[in-house]
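Please read the structure below before turning to the comments.
Since every read-out is calculated from the coordinates, none of them should be taken as a lab result. From a predicted model like this one, the values you see are computed outputs, not experimental measurements. Methodologically, a virtual Cβ is constructed for each residue, glycine included, from the backbone with ideal geometry; neighbour enumeration extends over all protein chains shown.
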Amino acid sequence: MDWPDGRGDPGPALAGGSSKKLQGIVERVQADRFLVDSSWVVPASGALFTGKARQVGRIKTGYWAEVDGKWREGGIFRADRIKTDEDYPGHTFQGQLKSQGLQEADKIGKGKQAYTHPEVVAYVSNIGMSVVPEWAKSQFKFQFGVIRDPTLNAFALPDGSIFVHTGLLARVENDSQLAAILGHEATHVTQRHGARGYKKQLTTFLPAMIGAEIVGTAVGDDKNSFVKAATALGLNLTLSAAVNGYGRSQEDQADRVGMRYMVEAGYDPTPAPRVWDIFNETYGDQSKVENFFYGNHSTNAARKKNQQEEIRRHYSDPAALKITRPVNEEGYQKAMLPLTRDNSMLDFEAKRYPLAKAGFERVLRHLPEDPASLTYLGRIARLSSDQPGRFPEAEERFRKAIQSDPRYPDAHRELGRLLASQKKRSEAKAQLKQYLDLAPVDAPDRRDVRAELAKL
Ligand SMILES: [Zn+2]
């Protein structure tokens, strides 16, 4: 995007514009303006400077700034008061949080929940690195990983390690939406949200969380499910407080600044607000805390509205946007096919059948004969049939799977079971025997299938 390079007074106040305070890390400085919290700030004539820098020319990238003022046309923020500091709140914790973050990232990366499909991880990592601003690459060691978990979540550790759940990647629709999510997470790192909130967490969240862990039973309720998730990952609780304790204002800032990162990387921001619809379609606009990203912060509807507002304020001029990266729905979904299939199996195991169904259907849109997806869709059809004994859709799916790959064992097993339930004994026997011929020797349900055969 081309940044306006006008000089002097940025023009009249927007109608109805009220005074605001912006605060955050200074990300860029030009002759008469600097970038804070996704807005270019220009001092009003006679603006009061306090703190480290007494004029814009003295402000440096990485400074902490707090400004009071109003937005003008073109999304320029005209400041009456500008306070700057070399250090940001909580900066004394940053070193400790960074090294803890690195240790935890290492544990997660080596843990059994890591999803390591190389092409999928490379795809996520490429988009992630593309949205990280240049200035931040020398200050943090950004790295991107995927976690095998069907819930919709993403989180960032203070060292620059960012993780996305398979559940989120399987439902995101295109590169732009993933860029928006990773931009959001990168902002938690660049704005040092962990350190800024750390002191507060030490006194409020942490004792409650440690208490919850000791009490044990309290961990299961919604309020503490982020503790459960962090514990499941083996996250150090001190750090999980830093990771999860972001309040609403920091989440909203991550949405704003993350959008600027994606736009500067050449992505079209238009598809970004739809991410919130995806959350709603999956969970509903409720306060349920299933994860950190979607967590107990501003609601989906409000966050969607905020993002639409950001587009209006800063990115509404199509001529000023330099979109160099296409939305790329087709390419994204194709790259995520193995992950979408694997994640749908996790949804199936968790009995989240409508979500599993939607995932397998997405795979079939790109690979119409995928035997595993056909077989799972058959199982879901059978489980959700309200006519006992009649499963025409399930049978059709299993037969299509067998037709597509006669050597895929699970389709034979499922068809055999379905036929057995309809007392079609000889056909059922033939299918179950086929399964035993084709399945790996250590397949966990071999014993069950042998027992089922013996009863026929
Ligand atoms: Zn967040």
_Tail beyond 23 Å, pair distance distribution of region 344-455 (Cα, percent)_ = 26
*Based on a Kirkwood Rh over C-alpha pairs, give the Stokes-Einstein translational diffusion coefficient of region 38-157 at 10 °C and viscosity 1.306 mPa s in µm²/s.*
90
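Check each of the GluC sites (Glu not before Pro) in region 44-102 and keep only those in coil by DSSP with at most 15 other C-beta atoms within 10 angstrom; list them in order.
Within region 44-102, the qualifying GluC sites (Glu not before Pro) (loop, at most 15 other Cβ atoms within 10 Å) are E86.
Using a simple charge model, +1 on the beta-carbon of Lys and Arg, -1 on the beta-carbon of Asp and Glu, nothing else, what dipole does region 335-410 show about its Cα centre, in debye to the nearest 20?
Roughly 80 debye, rounded to the nearest 20.
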*Across region 356-371, in residue order, what do the Karplus-derived ³J(HN,Hα) couplings come to in whole Hz, using 6.51 cos²θ - 1.76 cosθ + 1.60 with θ = phi - 60° and x for Gly and Pro?*
4, 4, 4, x, 5, 5, 5, 4, 5, 4, 9, 10, x, 10, 4, x
*Once amide H atoms are placed 1.01 Å from N in the peptide plane, what residues at a sequence separation of 5 or more from G145, or on another chain, have their amide H within under 5 Å of its amide H?*
I162, F163, V164
*Loop-located trypsin sites (Lys or Arg not before Pro) in region 383-421, at most 16 other Cβ atoms within 10 Å (DSSP)*: R390, R407
*Provide the percentage of antiparallel DSSP beta bridges, counting only those with both residues in region 20-85; round to the nearest 5.*
70
_Two decimals, Cα atoms only, Kirkwood Rh: what is Rg/Rh over region 20-85?_
0.90
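Given an 8 Å cut-off on Cα distances and at least 6 residues of separation, report the relative contact order of region 344-455 as a percent. Working shown, then result.
On the way: 126 pairs, mean separation 19.3, N = 112.
Result for region 344-455 is 17 percent.
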*Can you flag which of K20/K304; K21/K70; K52/K83 are past 18 Å Cα-Cα?*
K20/K304
*With each pseudo-label sitting 7 Å past Cα toward Cβ, what's the A451-D85 distance in nm, one decimal?*
6.6
*H117 paired with R425, simple spin-label distance in nm, labels 7 Å along Cα-to-beta-carbon*: 4.3
*What FRET efficiency would be calculated for the residue pair A350, A31, taking the C-beta separation as r and a Förster radius of 56 Å, to the nearest 0.05?*
0.50
*Over region 373-423, what per residue volume does the convex hull of the Cα atoms give, in whole Å³?*
59
*asked:* Using each residue's phi in region 312-327, evaluate 6.51 cos²θ - 1.76 cosθ + 1.60 at θ = phi - 60° and report the 3J(HN,Hα) Karplus result to the nearest Hz, with x for Gly and Pro.
replied: 5, 6, 10, 10, 8, 8, x, 5, 7, 6, 10, 7, 10, 10, x, 4
*Taking Cα pairs under 8 Å and at least six residues apart, what relative contact order does region 20-85 come out at, in percent?*
39
